[in-house]
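A short worksheet on the structure shown next.
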Amino acid sequence: MPRQSRIDTTGALHHIIARGIERRSIFEDDQDRFDFLKNLGLILEQTKTACFAWSMMSNHFHLLLSTGVTPIATV
């Protein structure tokens, strides 16, 4: 059974997780991590999305975001 649609109103909090398939690495080195954070920062600024916390491991990451003017699903 598929999950219900996420509530995505302005100010809603979302815990976003992305993992590598079969626990494979998604970040190979510090440059990959830097590039990810740089791109994330640009997207957050453009969409007025607030990031309250983030964590990056070699095979996955977590973000705690609050919806801004653009719905999270379109970011």
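The values are calculated or read from the model by the stated rules, or taken from the named source; none is laboratory data. Computed from a predicted model, the values in this text were never measured in an experiment. A quick note on method: Cβ atoms are made from the backbone with ideal geometry, for glycine too, and the neighbour counts reach across all protein chains shown. Note: areas computed on protein heavy atoms with side chains; ligands, DNA, RNA excluded. Shrake-Rupley method; radii C 1.70, N 1.55, O 1.52, S 1.80 Å.
When the chain is fully extended, how far beyond the present Cα-Cα distance does TRP54 get from THR10, taking 0.36 nm per residue of separation?
13.9 nm
Could you tell me which residue out of GLY11, SER55, ILE21 lies farthest along the dipole of the chain toward its positive end? Charges go on the beta carbon: Lys and Arg +1, Asp and Glu -1, centred on the Cα centre.
Result: GLY11.
Taking the Cα centre of the chain as origin, sum charge times position over the Cβ atoms of Lys and Arg (+1) and Asp and Glu (-1), and report the length of that vector in debye to the nearest 20.
With Lys and Arg at +1 and Asp and Glu at -1, about 340 debye.
Residue-wise, which Karplus ³J(HN,Hα) couplings in Hz belong to the range 60-66, taking 6.51 cos²θ - 1.76 cosθ + 1.60, θ = phi - 60°, and x for glycine or proline?
Whole-Hz 3J(HN,Hα) from phi for the range 60-66: 6, 9, 10, 9, 10, 10, 10.
Placing one identical point scatterer on every Cα of the chain and ignoring solvent, what is log10 I(q)/I(0) from the Debye formula at q = 0.14, 0.15, 0.21, 0.28 Å⁻¹?
Taking Cα atoms of the chain as identical point scatterers yields -0.50, -0.57, -0.99, -1.28.
For the range 23-63, taking Cα atoms only, what is the radius of gyration to one decimal and the Dmax to the nearest whole Å?
10.9, 32
Using a Förster radius of 22 Å, what is the FRET efficiency between HIS62 and ARG23 based on their Cβ-Cβ separation? Nearest 0.05, please.
Rounded to the nearest 0.05, the efficiency is 0.90.
What distance in nm lies between label points placed 7 Å from Cα along the C-beta direction at LYS38 and THR70?
So the label points at LYS38 and THR70 sit 1.9 nm apart.
On the accessible surface of the chain, probed at 1.4 Å, how many percent belong to carbon and sulfur atoms?
So the carbon and sulfur contribution to the accessible surface is 56 percent.
Would you mind getting the accessible area per residue of the chain, heavy atoms of the protein chains only, 1.4 Å probe, in Å²?
Averaged over the residues of the chain, the accessible area is 76 Å².
Quick one: angle between helix 30-47 and the longest Cα principal axis of the chain, in degrees between 0 and 90, rounded to 10, please.
Tilt relative to the chain: about 10 degrees.
Counting pairs of alpha carbon atoms under 8 Å apart in space and at least six apart in sequence, what relative contact order in percent does the chain give?
After rounding, I find 44 percent.
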